[in-house]
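As structure tokens, the structure follows; a few thoughts come after it.
The values are calculated or read from the model by the stated rules, or taken from the named source; none is laboratory data. All values derive from a computational prediction rather than experimental measurement. As a convention, Cβ positions derive from the backbone with ideal geometry for all residues, glycine included, and neighbour counts pool all protein chains shown.
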Amino acid sequence: MLLVIDVGNTNTVLGLFDEEHLLHDWRIRTEIDHTVDEYGVLIYNLYQSSRMKAAEIKAITAIIISCVVPPMLNILEPLCIKYFNVKPLIVGPGIKTGMPIFYDNPKEVGADRIVNAVAAYDKFQKESIVVDFGTATTFDYVSPKGEYMGGCIAPGIVISIEALFERASKLPRVEFSKPKTVITKDTVSAMQAGIMFGYAGLVDGIVNRMKMEVKTNPLVVATGGLARVIAPETKTIDKIEEMLTLDGLRIIYNLNKK
């Protein structure tokens with residue numbers, strides 16, 4: 001079985017595949033101060049909570065990691081060797097993706113952005129824009145030929161919420177949820193409306209500008225932890241694929257496993 005690990009700035013997502021089937025998935029906080037053994041115990045507890053059998057754990061014979069937090073690799077690589085006896089495959093320069101990358105410096109592109117693009121094209125086999133709602137929100141364009149053409153990056157939803165709380169002394173920290181109206185009657189609802197509907201407008205604005213530039217109508221695919229919350233408020237998102245990154249890691253591993 002294949003263990004895939006996607007390390008983001010805020011959260012780390014793990015998935016366990018048996019061939020093409022995702023058996024389990026987990027989301028934990030990314031903590032660069034944890035030791036190898038602390039992460040080992042944490043992952044073991046995840047297995048226990050999913051009632052995985054010892055035979056399933058021992059059946060993990062391959063691991064692939066996508067990481068945008070370089071210090072985490074100093075933890076995860078030894079972890080894989082110590083607890084799984086497996087040297088992990090790291091998504092980065094030199095790895096086969098099956099996708100031409102048209103970027104001024106391909107080494108600058110976040111691994112997660114390439115992984116998402118690979119998964120979107122593999123799944124839909126068409127021109128697409130991938131919107132990933134993470135710590136930052138990324139917008140990436142894949143051509144009709146399956147080429148990664150670039151994209152843009154915006155501040156993430158949680159970053160926006162924290163900025164309001166930290167920089168405006170009278171505004172409280174609020175939960176991210178949808179208010180009933182845009183014209184609200186209290187401060188908390190006012191902040192929630194501004195964040196929710198303002199961010200939906202940001203997404204639609206950027207996607208529409210990308211469509212104007214390419215002069216076509218690509219499929220728009222949303223992924224990331226908050227995709228299911230934001231997507232219904234937008235006019236441009238066509239599909240929600242929460243596990244897109246995990247699927248992309250599986251695809252890339254299969255291209256490189258020999």
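The table that follows gives values for the structure above.
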| item | result |
| --- | --- |
| Positions within the range 71-100 being surrounded by 17 or more Cβ atoms within 10 Å (Cβ to Cβ) and closer than 15 Å to Val142 by Cα, in sequence order | Thr97, Met99 |
| All positions within the range 184-236 that are outside any helix (DSSP H, G or I), modelled with pLDDT under 95 and on the phi < 0 side of the Ramachandran plot | Thr184, Lys185, Asp186, Gly225, Leu226 |
| Tally of residues being crowded, with 17+ Cβ neighbours inside 10 Å and within 19 Å of Leu2 (Cα to Cα) across the range 58-70 | 7 |
| Any chance Ser169 is surrounded by fewer than 16 Cβ atoms within 10 Å (Cβ to Cβ), of a type outside the set (Asp, Glu) and under 23 Å from the mean Cα position of the chain (by Cα) | no |
| Failed item, numbered, when Phe139 is tested on (1) part of a helix (DSSP H, G or I); (2) in contact (Cβ under 8 Å) with a residue 60 or more places away in the chain | (1) |
| Lys107 being surrounded by fewer than 13 Cβ atoms within 10 Å (Cβ to Cβ), touching a Pro at 6+ places or on another chain (Cβ under 8 Å) and without any contact (Cβ under 8 Å) to a residue 60 or more places away in the chain | yes |
| The range 164-175: number of residues that are assigned to a loop (DSSP other than H, G, I, E, B) and either in contact with a Ser or Thr (Cβ under 8 Å, 6 or more places away or on another chain) or not aliphatic (A, V, I, L, M) (or both) | 6 |
| Lone unmet requirement of (1) in a loop (DSSP other than H, G, I, E, B); (2) within 22 Å of Asn116 (Cβ to Cβ); (3) in contact (Cβ under 8 Å) with a residue 40 or more places away in the chain for Lys178 | (2) |
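Here is a yes/no grid of residues against (1) surrounded by 15 or more Cβ atoms within 10 Å (Cβ to Cβ); (2) farther than 22 Å from Met149 by Cα:
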position: Thr187; (1), (2): no, yes
position: Asp204; (1), (2): yes, no
position: Asn208; (1), (2): no, no
position: Glu213; (1), (2): no, no
position: Thr216; (1), (2): no, no
position: Ile230; (1), (2): yes, yes
position: Leu249; (1), (2): yes, no
position: Asn254; (1), (2): yes, yes
